[in-house]
Amino acid sequence: MLFTDRRDAGRQLALKLLKHKGQRNTIVLGLARGGVVTAAEIAAGLDLPLNVIVVRKIGAPGNEELAVGAIAEHGEGVFNEHLLGLLGVGQDYLKREIERQRKILKSRLELYRGSTPAPELHGQTVILVDDGIATGASMRVAIKSVRDAGAAKIVLAVPVAAPDSLRKISQEVDETVCLASPVFFEAVGAFYRSFEQTSDEEIVQLLSR
């Protein structure tokens, strides 16, 4: 067990990110849902603005749990071309599902941000935060979205990550801060004493502060 909860993990990460404290043109983005809790502690510790990034999975036909890709707020998303070909997923299905998930994504962002406008990421340093990385699929989509939005620099900040995933994802960002990457990695929650599901209400409260 490495962390008491997501807040504890965020406070520990903030100590490793002090060179970014109070820096202009820098923003902290947390992956909804759990990553926002960790990100909020980083933003508070570094005197930086906080916002949210939402990733939506694109499920296979007849099996929504099998992700053939994912989308975020900006850009076209990330897709598993091998899996798309293997399952024979047609373009019509893909287009419909992407459109459906974009509507859900938009409603989630409206719920979380309320009347607050979307953050301007062009030319910014973005500290991208999640509560941990297993396969890294959601984080890869988030990185691409932030890059497509014109971020000047992306800093990956996670408490714990699977070694293989961390190695690959680190090649897609400008700086990586990870507190632990144990060889025996089962699940992100295994490294927390408390790993309760984060509610939409908690995200709204954190972002409204």
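Every number in this text was worked out from the coordinates using simple rules, so none of it is lab data. A quick note: this is a predicted structure, and the numbers were derived from the prediction, not measured. Virtual Cβ from ideal backbone geometry, glycine too; neighbours counted across all protein chains shown.
So for the pair S199, H82, with labels modelled 7 Å out along Cα→Cβ, what separation do we get in nm?
Those two pseudo-labels are separated by 4.2 nm.
Could you give the length gained on full extension between R147 and E120, defined as 0.36 nm per residue of separation minus the Cα-Cα distance, in nm?
8.5 nm
Fully extended, how many nm does the chain gain between E110 and F184 (0.36 nm per residue separation, minus their Cα-Cα distance)?
That pair, E110 and F184, stretches by 22.8 nm at full extension.
Along the Cα→Cβ direction, 7 angstrom out, place labels at R209 and K16. What is the inter-label distance in nm?
For R209 paired with K16, the spin-label model returns 2.1 nm.
Leaving out same-chain residues fewer than 8 places away, which lysines sit with a Cα under 27 Å from that of K19?
Partners within reach: K144, K153, K168.
Tell me, rounded to the nearest percent, the portion of alpha carbon pairs in the chain spaced more than 24 Å apart.
Across the chain, Cα pairs with separations above 24 Å total 40 percent.
Just N80, N25, N51 to compare: in a GNM of the chain, with alpha carbon springs under 10 Å, which one fluctuates most?
N80
Could you tally the net charge around A44, taking each other residue with its Cβ under 12 Å from the Cβ of A44, Lys/Arg +1 and Asp/Glu -1?
Net charge around A44: +2.
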